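**Q** Questions regarding the structure given below will be posed in turn.
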Amino acid sequence: MTRPNDAKYSETHEWVMTPKKGDAVIGITDYAVKQLSDLVHLELPKVGDTLEAGTPFGEVESVKTVADLVSPVSGKVTAVNKEVIDNPDILHEEPFEDGWLIKVKVTEKADLDSLMDAKEYQEFIDASEAEDGDEEEGPAKKTKGKDEDDVDEDDFV
């Protein structure tokens, strides 16, 4: 699945699209949906609620876990996608179109500047997965980058 190039992405895996006219549209990325796997429930704000960038605005529950949905922008909720609440599987099928979660009238345009474009988001995911892979290597990771001639007392314990 290709991510829209006209969207901005957060480190917490939400996306936001800001059409030339109208309110910003917010959802969660295909990567987040894949990581969560079987989605069972969504909790979203009500129309009229005020959001602050970087704070939770709802929750997504899967058979694995419950995760906060974090607002990438500040503003007022103008619409909620009731179809995705009733059928969270829409997010697996189309997280960027029919799977939008909320629409927001953005109050702080500067919030958008701190978000990533599609290329930066992919690089962020790649780096995160590489770090996770390193952590799974266990003790072998500790010797990575260590010069073989660098011997100390710990090598003989």
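The values are calculated or read from the model by the stated rules, or taken from the named source; none is laboratory data. Everything quoted here is computed from the prediction, not taken from an experiment. Note that each Cβ is placed from the backbone with ideal geometry, even for glycine, and that neighbours are counted across all protein chains shown.
**Q** Is there a residue being at pLDDT 95 or above and surrounded by fewer than 12 Cβ atoms within 10 Å (Cβ to Cβ) anywhere in segment 98-119?
**A** Yes, segment 98-119 contains at least one residue that is at pLDDT 95 or above and surrounded by fewer than 12 Cβ atoms within 10 Å (Cβ to Cβ).
**Q** Going by the conditions given, is Ser71 surrounded by fewer than 20 Cβ atoms within 10 Å (Cβ to Cβ), within 28 Å of Ala127 (Cα to Cα), out of contact with any His (no Cβ under 8 Å at 6 or more places or on another chain) and of a type outside the set (Val, Ile, Thr)?
**A** Details: surrounded by fewer than 20 Cβ atoms within 10 Å (Cβ to Cβ): no; within 28 Å of Ala127 (Cα to Cα): yes; out of contact with any His (no Cβ under 8 Å at 6 or more places or on another chain): yes; of a type outside the set (Val, Ile, Thr): yes.
In short, no.
**Q** Here's something else I'd like to know. In the list Glu83, Glu52, which residue meets the criterion of being surrounded by 14 or more Cβ atoms within 10 Å (Cβ to Cβ) and either at pLDDT 95 or above or of a type in the set (Ser, Thr, Tyr) (or both)? Break it down stepwise before answering.
**A** Values: Glu83 fails: surrounded by 14 or more Cβ atoms within 10 Å (Cβ to Cβ).
Checking each option against the conditions leaves just Glu52.
**Q** Could you check how many residues of segment 1-58 are out of contact with any helix residue (DSSP H, G or I) (no Cβ under 7 Å at 6 or more places or on another chain), within 16 Å of Asp126 (Cα to Cα) and not in a loop (DSSP other than H, G, I, E, B)?
**A** Number of matching residues: 4.
**Q** So, one more: Determine whether segment 97-109 contains at least one residue that is basic (Lys, Arg) and assigned to a helix (DSSP H, G or I). Step through it out loud before you land on a result.
**A** From segment 97-109, those basic (Lys, Arg) are 103, 105, 109; that's our starting set.
Applying the additional criterion that residues be assigned to a helix (DSSP H, G or I) yields 109.
Yes: one or more hits.
**Q** Shifting gears a bit: Please go through segment 18-56 and pick out each residue that is over 17 Å from Phe96 (Cα atoms) and either β-branched (Val, Ile, Thr) or within 13 Å of the chain's Cα centre (by Cα) (or both).
**A** Matches in segment 18-56: Val40, Val47, Thr50, Gly54, Thr55, Pro56.
**Q** Would you mind telling me which numbered condition in (1) more than 26 Å from Asp126 (Cβ to Cβ); (2) among the hydrophobic types (A, V, I, L, M, F, W, C); (3) in contact with a Ser or Thr (Cβ under 9 Å, 6 or more places away or on another chain) Val80 fails?
**A** The failed condition is (3).
**Q** Follow-up. Could you list, ordered by first residue, the pairs with Cβ atoms under 6 Å in which the first is in segment 96-108 and under 12 Å from Trp15 (Cβ atoms) and the second is modelled with pLDDT of 95 or more and among the small types (Gly, Ala, Ser), at least 6 apart or interchain?
**A** What qualifies is Gly99/Gly27; Trp100/Gly27; Leu101/Gly27.
**Q** In segment 59-80, what residues are touching a residue at least 40 places away in the same chain (Cβ under 8 Å) and part of a loop (DSSP other than H, G, I, E, B)?
**A** Ser71, Pro72, Val73
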